[in-house]
Structure formats: C-alpha cells, structure tokens
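The block underneath contains the structure these notes are about, expressed in structure tokens.
The values are calculated or read from the model by the stated rules, or taken from the named source; none is laboratory data. Just so we're clear, the structure is a prediction, and the values are computed from it rather than from any experiment. We place every Cβ from the backbone using ideal geometry, glycine too, and count neighbours over all the protein chains shown.
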Amino acid sequence: MKFYDQIPSQYRKSVEEGFSKASNDILNVSKIYSSSLKGVCSTALKAIISDGRLIRPVSHYDFTENCIYMDESKSEEDYMRTFRHEYGHFIDYSLGKISEKPEFVKAFEDDAQLYDVSKDDGIKRLRNLQMEIADNIHAFASEYVTDIISALTRNDTAFIRKYTENATQTSPYDLFYYEKMEGAGMSGHTDLYWDDGPHMSRQKEAFADLFAIWTENNPIVQKFVCDHFPNLSGTFEKIIRTESKR
Ligand SMILES: [Zn+2]
C-alpha cells in the first residue's frame, strides 16, 4: 500500500498488520486510492493554544487537505485501530462521498428503523441487541461496532447505561478492557457531534466504521454486524465489491 511510507516508523508495522487480514475487495479498493492520499500527519501540527494550554484536535481525516491527522501519543494498537477508521473516511470521500448517496442513506435509515424506540418492535430489538452484545466480547470491545450503535440510536441513554454496567462487571478480568471501558462508557460520538457536527455525520461515521470492521476482518465481529445491521452491512459489501472491480 502506497501510504505505508507516510506512516511514522514506530507505527508502520502495526498498521501493516492492521490491514493484512482485510478482504480482497477492501484491499483492492484501498490500493486503488492509496496513492492519492496526500499525507498522514500528526495532530500536533494542528495544535492551538487556548487559555495557556496546548490543545490538539483528535485524530481525523481532513477532506480539504486530503490528509489523515493522527494522534501520535497513542499506543501502536490504538493508532492502528484509529487509522483503519480514518482511512475509511478517506475512502468514502475518494468514492465521491458515497455515504451521502441514496443507496447508503436508505440502508442507514432502514437499520435505524429497526432500533426506533418509539415503536414496540424497536424497543424489543434494542433490548435484544443489548443482551447479545453483552454476550459477545469481540463485538462488545469493538469501538467500531459501538460507534455504529451510537449513530443509529443517537446515543440511546438506556442502552449506554446498560452497556456501561456490563463493562464495569466484565472489566476486572482483563486489564485491556478495564482501561478501555472504565469510566468512559461506550465508545461513540457525542449528541453534539451527531446534531451539529459535519453534514450527515451519522452516515459518514457508520461508513468509516464498516470499512474498519471489514479491514480488521474478525469473523465474529462481522457476523454480529451482518446479523444486527443487515441493511448497512449488505449495502457496504455491495459498494466495496463494485468499486473493487473498477
Ligand atoms: Zn470518524
């Protein structure tokens, strides 16, 4: 992949490994566009001083510059996991903001409808999702999966409360999950971001998360996503299959 050279050397091996299990379609699409990514930079370049403190933005893809900005204070594992998601944003823009196109928007709406808590069916399905994610440590620990839930449900408070309870219960057995979950609750985006963030932020984040999940290619997580977000996963796979043949 062309962008490997742009990754700081201390993270390169981890990112290469992070893409090594990706499906062929994902690899093809990633390769087609990898030479057009302008750069992988440190968020330190965008630091500003506010109230006498140095504030750095979080990792993100900047579409005006066509660069990925990465927080270089992170561990190799966290850097790689974040990079997969940011690369998904880059691919979304490279495909002409495909997350804003009717096909993907409809899939997003159809899956959001499944968990619409203004209806009895929606309440039931969301409760079921709650139980199943608590039973599936791979899906539970995937910030990509929980971010999709955060987007689809607009941070359903009951779901997040239950998730956080489960996180505190399971955490003492594993330091990694402990650090990741304790106090932080569920990984996702804030209400403020969903309401006042970038145009169609929920669809954009869902696309980047799906890209990251298909790049990681953990069959347990993928099955969970296909079972619970059938429209998004089916449409995403179809888009990537079509684009990989260009
Ligand atoms: Zn994102």
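Remark: pairs (first residue in the range 23-36, farther than 15 Å from H85 by Cα; second residue of a type in the set (F, W, Y); Cβ separation under 6 Å; 6+ apart in sequence or on different chains) = S23/W214. Here is the figure for the range 17-54: residues that are among the acidic types (D, E) and at pLDDT below 95 total 1.
Restricting the search to the range 115-135, which residues are in contact (Cβ under 8 Å) with a residue 24 or more places away in the chain, surrounded by 15 or more Cβ atoms within 10 Å (Cβ to Cβ) and not aromatic (F, W, Y)?
So the first thing to find is which residues in the range 115-135 are in contact (Cβ under 8 Å) with a residue 24 or more places away in the chain, and the list is 115, 117, 126, 129-130, 132-134.
Checking the rest, the ones that are also surrounded by 15 or more Cβ atoms within 10 Å (Cβ to Cβ) come to 115, 117, 126, 129-130, 133-134.
Answer for the range 115-135, where residues must be in contact (Cβ under 8 Å) with a residue 24 or more places away in the chain, surrounded by 15 or more Cβ atoms within 10 Å (Cβ to Cβ) and not aromatic (F, W, Y): V117, L126, L129, Q130, I133, A134.
Which residue is nearest to F19 (Cα to Cα), if the candidates are limited to the range 54-89 and must be of a type in the set (A, V, I, L, M, F, W, C), more than 14 Å from the ligand (Cβ to nearest atom) and surrounded by 16 or more Cβ atoms within 10 Å (Cβ to Cβ)? Among those residues, the one meeting the criterion is M80.
Of all residues in the range 28-54, how many are of a type in the set (A, V, I, L, M, F, W, C) and under 14 Å from Q6 (Cβ atoms)?
Let us first name the residues in the range 28-54 that are of a type in the set (A, V, I, L, M, F, W, C), namely 29, 32, 37, 40-41, 44-45, 47-49, 54.
Now narrow it down to the ones that are under 14 Å from Q6 (Cβ atoms): 37, 40-41, 45.
Residues in the range 28-54 being of a type in the set (A, V, I, L, M, F, W, C) and under 14 Å from Q6 (Cβ atoms): 4 in total.
For beta carbons closer than 8 Å, sequence separation of 6+ or different chains, a first residue in the range 218-231 that is without any contact (Cβ under 8 Å) to a residue 12 or more places away in the chain and surrounded by 19 or more Cβ atoms within 10 Å (Cβ to Cβ) and a second that is β-branched (V, I, T) and in a helix (DSSP H, G or I), the qualifying pairs are Q222/I213.
Residues in the range 13-26 that are crowded, with 17+ Cβ neighbours inside 10 Å and in a helix (DSSP H, G or I): S14, V15, G18, F19, D25, I26. Consider the range 175-200. How many of its residues are assigned to a helix (DSSP H, G or I) and at pLDDT 95 or above? Number of matching residues: 0. The residues of the range 35-56 that are among the small types (G, A, S) and within 18 Å of S9 (Cα to Cα), listed by number, are G39, S42, A44.
Residues considered: E216, E132, E237, E243. Of these, the only one that is within 16 Å of the ligand (Cβ to nearest atom), at pLDDT 90 or above and among the charged types (D, E, K, R) is E216. Just so you know, in the range 153-174 the residues that are in a loop (DSSP other than H, G, I, E, B) and modelled with pLDDT of 65 or more include one that is farthest from the ligand (Cβ to nearest atom), and it is D156.
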